[in-house]
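Chemist: Sharing a structure here in structure tokens format.
Each reported figure results from applying straightforward, stated rules to the coordinates on display, with no laboratory input. Keep in mind that what you see is a predicted model, and the values were worked out from it rather than measured. All Cβ positions, even for glycine, are placed from backbone atoms using ideal geometry, and neighbour counts span all protein chains on display.
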Amino acid sequence: MPDIPFWNKCDNRCVMCANLPAFARAPSGRYRLKAQIKRFESYLSGFSGAYAKNADNSAALNLTGGEPTLHPDFLKLLAYFRKRTPGRELSLLSNGRRFAHAPFAGAALKAAGAPFSVAVSLHGSTAAGHDAVTGVRGSFEAALTGLRNIFSLKSPGQTVEIRLVLHRRNIKDLEKMLLFLLDEFSGFKAWRAVALHYELDGRALRNRSLTLRLAASAAAVNSAARLIRGFREFRLYHFPLCLLRKELRPLAWVTLPPEDRSYAGGCGRCVLRADCVGLMASYNARFGPGELKPLYKSR
Ligand code: SF4
């Protein structure tokens, strides 16, 4: 899915943000309504250079930021995208805070139509844990209220993805986060939970206090397998299959574009390669493939 940066400003300051601070500091002119529509029309007419990331994937349109919902003309832009791409999935990546305002949540869901998915990240099982990652007091409560509004106002064809972005600052909280999600949201339909290893990009690349090796992250996920089985739908992003327990491998998705993936070490002869995300290229550049355990025959 092409990544379409709707807006470059954000009201969180997440420690693992995959954007550099310079992205948010830059002027917003190129993201204004007219400029966005012009770029989108050029994309629709076949210009592959309209968007830098994931341009070749036509499955869905991935609306990102910054925080997309802070765009001054967010509702108009979203409605325009829907009108120009009927039947195509729009996927919105948001910190969830603006959805705490119920009238906004209702208007956004109406503008988005279907098929539509909204992905909101939770960074801890408590307000203290989440807010320490986002750098904004109150962001946990706002994101939760936003999620509840989305769940109560969404229509058929609209789904929710709750993401747990794992790094050293929250990995020990994984089981409590999973329990929290099960407690809070098990009664709702049409949603999934996702655990993903943080991307070594942007601010996260510079923040050594986040450093968490994939083997350690996967070990925590493997230990939580019993809880993960309690979810109706659960996905794992950015995890090499060889680091996951066999029963969890079907939950792993390849969401990164080819240019962001690396198949190093023994990947070339690994029987799991066809379905595997491999290593994030930036991860391989920093840590190399030493943690991988290629499988040369089915286990
Ligand atoms: S060795 Fe490489 S291809 Fe095989 S499961 Fe691990 S990361 Fe994937």
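Chemist: Once you list every other residue whose beta carbon is under 14 Å from the beta carbon of residue 265, what net charge do they have if Lys and Arg are +1 and Asp and Glu are -1?
Modeler: The answer is +3.
Chemist: Test of understanding: what is the full-extension gain from residue 45 to residue 225, defined as 0.36 nm times their sequence separation minus their Cα-Cα distance?
Modeler: Details: separation 180, 0.36 × 180 = 64.80 nm, distance 4.51 nm.
Working it through step by step, the gained length comes to 60.3 nm.
Chemist: Here's a follow-up. Using a cut-off of 13 Å between beta-carbons, work out the net charge of the residues near residue 25 (Lys and Arg +1, Asp and Glu -1, residue 25 not included). Don't skip to the answer; put the middle values down first.
Modeler: Details: positive: 9, 13, 203; negative: none.
That sum, taken over residues with Cβ under 13 Å, equals +3.
Chemist: Further, regarding this structure: Using r as the Cβ-Cβ distance of residue 186 and residue 245, and R0 as 22 Å, what FRET efficiency do you calculate, to the nearest 0.05? List each step's numbers first, then the result.
Modeler: Details: r = 23 Å, r/R0 = 1.04.
So the FRET efficiency works out to roughly 0.45.
Chemist: Set the bar at 32 Å for Cα to Cα. Now go through 38/189; 189/297; 9/246; 83/246; 34/110 and name every pair that lies beyond it.
Modeler: On the way: 38/189 37 Å; 189/297 39 Å; 9/246 41 Å; 83/246 43 Å; 34/110 22 Å.
Violating the 32 Å limit, Cα to Cα: 38/189; 189/297; 9/246; 83/246.
Chemist: In Å³ and rounded to a whole number, note down the convex hull volume per residue for the Cα atoms of the range 4-109. Each step should come with its number before you reach the end.
Modeler: On the way: hull volume 11.2 nm³, N = 106.
Considering the Cα atoms of the range 4-109, their hull volume per residue is 106 Å³.
Chemist: A further question follows. Taking the inverse of the average 1/r across all pairs of different Cα atoms in the chain, what Kirkwood radius in Å do you get?
Modeler: Details: mean 1/r = 0.0503 Å⁻¹.
Kirkwood radius, the chain: 19.9 Å.
Chemist: Roughly how many Å is it from the Cα centre of the range 103-120 to that of the range 144-187, as a whole number?
Modeler: About 17 Å separates the Cα centre of the range 103-120 from the one of the range 144-187.
Chemist: Would you calculate the separation in nanometres between label points at residue 11 and residue 126, each defined as 7 Å from the Cα along the Cα-to-beta-carbon direction?
Modeler: Roughly 2.5 nm, to one decimal.
Chemist: Still on this structure, please answer the following. Could you calculate the contour length gain from residue 211 to residue 38, that is, 0.36 nm times the residue separation minus the distance between their Cα atoms, to one decimal place in nm?
Modeler: On the way: separation 173, 0.36 × 173 = 62.28 nm, distance 3.96 nm.
Stretched fully, the residue 211-residue 38 segment lengthens by 58.3 nm.
Chemist: Right, here's the next one. I want the local charge near residue 161. Using Cβ-Cβ distances under 13 Å, sum +1 for each Lys or Arg and -1 for each Asp or Glu among the other residues. Display every interim value, and only then the final one.
Modeler: Working: positive: 154, 163, 192, 232, 235; negative: 89, 233.
Once positives and negatives cancel, what remains is +3.
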